[in-house]
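Input: a single structure, listed below in structure tokens.
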Amino acid sequence: MTIRTLGLASNLYDYLISVSLREAEILTKLRQETAQHPMGRMQIAPEQGQFITLLVQLLGAKKTLEIGVFTGYSSLVVALALPPEGQIVACDTSEEFTAIARRYWQQAGVDHKINLHIAPALETLDNLLAAGQAETFDFAFIDADKSNYENYYERSLQLVRPGGLIAIDNVLWSGRVADPQIQDNRTKKIRAFNEKLLQDQRVNISLVPIGDGLTLALKQGNK
């Protein structure tokens, strides 16, 4: 996990931010507060948040899914990019972390766009499928427990419409995926997930080296 894009020298990263980042004040405040949290490294990088904003706008998204909320930076960037009638279904298990998120959603005036489910994400996703919401989402962002990435992806693939996009975070895992000496369970899970997506003909993919690595999977089929 990383709060800035991997592999860039500090001066080059600073330059990138100086000539490209357009971060709303409310996002800066949330990012700075989260940086003080003991788990602050779980937050996405600001340039990644801006990239997600652009993806949502390019898709013309109105209905999105977020698996893993933490303190709400990624959900806030999406909510700000959505039209007034836009909706996010957000999944998390932590009341503590999402209390921070709720506060900033309210301050930004977008809390009405976000339907937060405090429950295991697979339970929420299965309930959405059971309620007939398959292929009704434009965009999904996965940034939760790595051991369940494949399960989250498979549910998201059912929920996203043809031509919709799934974005999966932390696929470079601070570089650990490329080190054969590292064989812990989470690293092995991410490696296996990356290899699975390479072979998955249901989607077109690109692994973008932004933040901690972001895979984009575009669902095949007619819109």
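So here's what we get for this one:
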read-out	value
Computed label-point distance, nm, for sites Glu95 and Ser147 using a 7 Å Cα→Cβ extension	2.4
Cα pair distances of the range 134-223 binned at 5 Å [whole percent]	3, 15, 26, 25, 17, 8, 4, 2, 0
Long-range amide H partners of Phe141 with built H, under 5 Å	Leu65, Glu66, Ile67, Ala167
Distant-in-sequence amide H partners of Ile88 (H built 1.01 Å from N, under 5 Å)	Thr64, Ile114, Asn115
Contour minus Cα-Cα distance for Asn11 and Gln199 (0.36 nm per residue)	64.0 nm
Amide H contacts under 5 Å for Val203, placed H, 5+ residues apart	Gln220
Point-to-point label distance, Asp179-Ile26, nm (Cα→Cβ direction, 7 Å offset)	3.9
Local net charge near Arg103, Cβ-Cβ under 13 Å (Lys/Arg +1, Asp/Glu -1)	-2
Rough spin-label spacing in nm, given labels placed 7 Å along Cα→Cβ, for Gln106 and Glu85	2.8
Computed helical MRE - 222 nm, the chain, DSSP H runs ≥ 4 contributing -39500 (n - 2.57), nearest 500	-13000 deg cm²/dmol
Over the chain: Kirkwood hydrodynamic radius from C-alpha pairwise inverse distances, Å	17.6
Where Rh is the Kirkwood radius over Cα pairs, Rg/Rh for the range 36-89	0.99
Residue-by-residue Karplus 3J(HN,Hα) for the range 70-84, coefficients 6.51, -1.76, 1.60, Hz, glycine and proline x	6, 8, x, 5, 5, 5, 5, 5, 5, 4, 5, 7, 6, x, x
Percent of beta bridges antiparallel (DSSP, the chain, rounded to nearest 5)	35
Cα centroid separation, the range 69-97 to the range 126-142 (Å)	15
Of Lys63/Lys146; Lys113/Lys188; Lys188/Lys219, those spanning more than 28 Å from alpha-carbon to alpha-carbon	Lys113/Lys188
Among Phe193, Gly109, Pro209 - extreme Cα towards positive end, dipole of the range 95-218, charges at beta-carbon	Pro209
Taking all pairs of distinct alpha-carbon atoms in the range 99-177, Kirkwood radius in angstrom	14.1
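Coordinate-derived values only; no laboratory data. These numbers come from a predicted model, not from an experiment. Heads up, the Cβs are rebuilt from the backbone with ideal geometry, glycines too, and the neighbour counts pull from every protein chain shown.
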